[in-house]
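The values are calculated or read from the model by the stated rules, or taken from the named source; none is laboratory data. Being a predicted model, the structure only gives us computed values, none of them experimental. No Cβ is skipped: glycine too gets one built from the backbone with ideal geometry, and neighbour counts run over all protein chains shown.
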Amino acid sequence: QVQLVESGGGLVQPGGSLRLSCEASGSIFGPYAMGWYRQAPGKQRDLVAVITSGGITNYADSVKGRFTISRDNAKNTVYLQMNSLKFEDTTVYYCNLRDLRSNYWGQGTQVTVSS
């Protein structure tokens, strides 16, 4: 079983920055991808960014050029640097880890962009 612990959410003004972190622990099986998703109330959970074990990244069009995903394999940790935040980025962000065995989710962290 794999556990994911997220941190770094909070309240920020439009144009500001936040950095999310997610540390994985437990039995990770094989090479794994890590990513961030977000979900507004009543809507589906959508991909924000993902990074493979080899460092290949993919971003949602809405965050390209503003968000950067990175990972520290020694710490089993993934980061999401969020710059130029907009009102519409407000929602709950979920960390995800996908290994050869299963798909795991964090508990979610709230990001609120407000003036």
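Only one of the listed residues (G35, G108, G10, G16) is modelled with pLDDT of 95 or more and either buried (at least 19 other Cβ atoms within 10 Å of the Cβ) or in contact with a Ser or Thr (Cβ under 6 Å, 6 or more places away or on another chain) (or both). That residue is G35. Only one residue in N58, N96 is assigned to a strand (DSSP E or B) and touching a residue at least 24 places away in the same chain (Cβ under 8 Å). Which one? Only one candidate qualifies: N96. Would it be correct to say that F29 is among the hydrophobic types (A, V, I, L, M, F, W, C) and at pLDDT below 95? Yes; evaluated as a whole, the condition is true for this residue.
In segment 61-80, which residues are closer than 12 Å to L97 by Cβ and touching a residue at least 40 places away in the same chain (Cβ under 8 Å)? Across segment 61-80, the qualifying residues are N76, T77, V78. Across segment 22-33, a minimum of one residue is classified as in a strand (DSSP E or B), at positive phi and not hydroxyl-bearing (S, T, Y).
Quick one: which of K64, K86, K75, K43 is surrounded by fewer than 19 Cβ atoms within 10 Å (Cβ to Cβ), basic (K, R) and closer than 21 Å to V5 by Cα?
From the options K64, K86, K75, K43, the qualifying one is K75.
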